[in-house]
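Values quoted throughout were computed directly from the atomic coordinates according to the rules given, and no laboratory measurement underlies them. Because the structure is predicted, anything quoted here is derived from the model rather than measured. Cβ sites come from the backbone with ideal geometry, for glycine too, and all protein chains shown count toward neighbours.
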Amino acid sequence: VIKILPSILLALGLGSAVAGLFWPRKRRLLPDLLFVLSLSVGLGFGITSLLFFLWLLMFGPAGTAFALCEFGLLIALSVLVVLKRRRLQADSVMPAPLRSPARRPLVQWITGVVFFLTLLAAGGGFLWFVRAARYGGWDAWGIWNLRAKFLFLGGPFWQDAFSTQGSLSHRDYPLLIPTSVARLWSYAGADVSLAPILIGALFTAATAGLLLSSLSTLRTKSQGFMATTVLLANSYFLVLGAAQYADLPLGFFFLSTLALLCLYEQTRDPGVMALAGATAGLAIWTKNEGLLFLAGLLLAHCLITVRKGGVQAYLRQLLPLALGLAPALLALAYFKIHFPSSNDLFPSLAIALKMLGRISRWRVVAKAFAHQLLHFSGWSVPVIPLLAIYAAVAGIQWKQLGNLPKVCLLLLLWMMAGYFLVYVATPLPLDWLLQTSLSRLLTQLWPSALFLIFLFTHPLEPDSDSVVANSVSR
Amino acid sequence: MKLRSSLRIAAALCVLGVSLVSGFELFKLVRNPLAPDQDALYIARFDGIKKALPTRGVVCYVTTSDDSFAAKKNYFLAQYALAPLVLRTAADCDPLIGDFPASSIPPLDSRRFVVLRNFGNGLTLLGRNTGR
């Protein structure tokens with residue numbers, strides 16, 4: 001732990017510094033600390049993963065020089081953050097800290113206590129799942145950590161990770177998790193199993209932290225508590241985190257992008273849009289599904305923003321989004337060009353079209369989706385119908401929220417439709433594929449779905465400093 | 001308005017109650033004793049053979065002959081244990097790793113393969129029998 005800790009702290013420090021640098025000028029960092037810290041997990045591992053990949057390409061295996069380079073970058077960024085925040089304070093751009101209300105509403109206490117109890121159960125559950133399988137699940141030792149072993153233990157021959165001579169599979173999968181694990185091993189000096197476990201734990205905790213903090217910021221604390229309670233009560237979410245799968249980090253980046261888009265709606269600060277671009281970029285650097293997400297984001301953003309605000313408003317938002325997106329997009333483009341490998345889901349367009357023409361496949365996929373929507377997460381009560389009833393009773397606040405939350409909703413529907421079509425179009429055995437992957441794919445979207453459900457539904461307590469309050473005042 | 005507010009609170013309590021029940025089920029699960037970590041045991045079997053193999057390059061690997069789930073799992077766990085060595089699931093090169101966890105003697109044609117070293121636990125290092 002002692003050998004891995006500096007590398008984790010460096011990643012979190014770099015993530016916090018980048019989040020702090022682009023955090024809205026009119027918001028103070030301290031009240032948003034959980035939001036910033038949760039974001040810093042994804043941003044930190046994302047940035048260090050890109051640096052590690054760049055270092056491998058330019059200089060080969062990472063050693064002391066790489067660590068010094070990361071440390072230097074952290075110092076430089078921290079200085080920039082301090083200078084920026086001081087200047088903003090001097091210019092009185094930031095409002096004075098709000099005095100918190102003397103009494104918390106009862107509903108906040110109730111939701112808070114239930115959240116805390118569920119958090120305890122989730123923490124115990126996560127540790128139990130980790131102890132049950134130290135090396136994680138199939139994808140962990142078959143894909144992500146296996147690739148990390150090549151990157152770390154391969155030395156100058158790290159490119160054997162993409163060798164076609166053996167029987168390695170999924171060589172086209174992006175590298176955020178493998179490079180993050182290999183980076184931690186480089187600092188530790190050995191391929192210890194604790195490193196991927198800690199990465200899984202941090203992303204699991206950060207997803208919960210981000211859901212709680214973003215909804216507390218954008219709506220109310222009780223909405224944040226309720227959404228996070230439902231998330232943590234889902235044992236499959238914890239199983240995936242403990243299994244060291246990339247689906248949870250991907251879900252984290254989906255949620256980050258959505259939460260940041262909604263924060264932009266509130267603050268109109270281009271820095272937030274740049275952060276949203278960065279998290280969307282890190283989604284494509286995590287798993288191929290990220291590409292579907294990015295395409296949907298660009299499309300939904302263009303459709304709704306141009307229609308509601310005009311081309312100028314769209315371009316004003318697109319520029320910082322593209323700037324944030326650029327580093328990960330360039331890294332992925334380089335990776336895909338220099339390490340070409342076919343994707344097993346789509347060997348050719350002709351086969352995909354042939355599969356799309358088979359009605360029976362549509363029926364099988366629709367049945368599997370319906371079954372998952374009813375039985376998702378293995379709760380004794382079907383959670384999705386329960387949440388639908390809750391939303392119907394609580395009421396939806398549609399108009400007050402502005403345009404970007406609608407972009408988020410459209411994006412989520414796009415992802416569902418996209419996953420559906422991928423299943424229909426792939427030539428892989430359908431029953432096996434649905435059985436082994438559908439619940440994982442839906443878990444990627446689960447934190448984002450909860451975010452949107454509790455963002456759009458009428459809160460139990462009145463909104464304070466929230467999207468609705470700000471949209472109404474505009 | 002008051003009815004609507006009461007309904008809203010009742011619906012929220014339902015969601016929280018169901019979450020609590022699910023959390024309690026998780027709590028009950030955690031109290032169960034853990035089964036041995038089979039994947040970790042499988043990976044640990046390769047500690048001995050690793051020292052007898054080159055540190056990098058390609059080696060051949062054979063396991064249970066069919067294309068079953070178990071055979072795939074054996075391969076991926078072996079590949080994880082031996083990386084950065086690249087394993088090739090074919091018997092057309094030397095050295096060849098025989099991974100047959102259920103049997104002490106590899107169920108292979110002795111006219112084609114010779115056992116160079118037996119590491120126990122169903123792991124053997126094999127060579128192709130050239131007849132010389």
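Overall, the protein assembly as shown carries a charge dipole of about 1100 debye about its Cα centre when +1 sits on the Cβ of Lys and Arg and -1 on the Cβ of Asp and Glu, all other atoms neutral. An oblate overall shape is assigned to the stretch A:154-211, the ratio a/c of its alpha-carbon gyration tensor axes (a ≥ b ≥ c) being 1.5 or greater and a/b not exceeding b/c. The calculated FRET efficiency for the pair B:Leu3 and A:Arg361, based on their C-beta separation and a Förster distance of 30 Å, comes to about 0.05. Of the cross-linked pairs A:Lys287/A:Lys336; A:Lys308/A:Lys406; A:Lys367/B:Lys72; A:Lys84/A:Lys221, those separated by over 18 Å at the C-alpha level are A:Lys367/B:Lys72; A:Lys84/A:Lys221. Per-residue mean of foreign Cβ neighbours for B:31-42 is 3 (Cβ atoms of other chains, 10 Å radius). Of the residues A:Phe346, A:Ile8, A:Leu323, the one whose Cα sits farthest toward the positive end of the charge dipole of chain A, with +1 on the Cβ of Lys and Arg and -1 on the Cβ of Asp and Glu, is A:Leu323. Between B:Asn32, B:Asn74, B:Asn118, the residue with the greatest mean-square fluctuation in the GNM of chain B (Cα pairs under 10 Å linked by springs) is B:Asn32.
What shape does chain A take by its C-alpha gyration tensor, where a ≥ b ≥ c are the square roots of the eigenvalues and a/c under 1.5 counts as rounded, a/b above b/c as prolate, and the rest as oblate? Rounded, because the longest to shortest axis ratio a/c is under 1.5. Among B:Leu26, A:Leu74, A:Leu434, flag the residue with its Cα farthest along the positive direction of the charge dipole of the protein assembly as shown, charges on Cβ as +1 for Lys/Arg and -1 for Asp/Glu. Final value for the positive-end residue is A:Leu74. Averaged over the residues of peptide A:163-173, the number of Cβ atoms from other protein chains lying within 10 Å of each residue's Cβ is 4. Choose one of A:Thr64, A:Leu460, B:Thr64: the residue whose Cα lies farthest towards the positive end of the charge dipole of the protein assembly as shown (beta-carbon charges +1 Lys, Arg; -1 Asp, Glu; about the Cα centre). Final value for the positive-end residue is A:Leu460. Only helices enter this figure: runs of n ≥ 4 DSSP H residues, each worth -39500 (n - 2.57), summed and divided by the residues of chain B, yield -13500 deg cm²/dmol at 222 nm to the nearest 500.
Neighbour counts of other Cβ atoms within 10 Å put A:Ser235, B:Ser5, A:Ser78 in the fewest-to-most order B:Ser5, A:Ser78, A:Ser235. Give the angle, between 0 and 90 degrees and rounded to the nearest 10, that separates the Cα long axis of helix B:2-30 from the longest principal axis of the Cα atoms of chain B. Taking Cα atoms only, the helix is inclined about 30 degrees. On the basis of the beta-carbon distance and an R0 of 60 Å, A:Arg268 and B:Phe24 show a calculated FRET efficiency of 0.85.
Mean separation of Cα pairs under 8 Å and 6 or more residues apart, divided by the residue count, gives chain B a relative contact order of 20 percent. Look at the alpha carbon pairs under 8 Å that are at least 6 residues apart: their mean separation over the length of chain A gives a relative contact order of 19 percent.
When each full DSSP H helix of chain A is screened for a Cα extent of at least 20 Å along its own axis and an average Kyte-Doolittle hydropathy of at least -1.0, the helices passing are A:5-22, A:33-59, A:64-90, A:106-132, A:194-218, A:247-267, A:270-284, A:289-309, A:311-338, A:359-375, A:404-425, A:430-456. The modelled label-to-label distance between A:Arg307 and A:Phe346, using points 7 Å beyond Cα along the C-beta direction, is 2.5 nm. Within 10 Å of the Cβ of each residue in B:81-91, the mean number of Cβ atoms contributed by other protein chains is 6.
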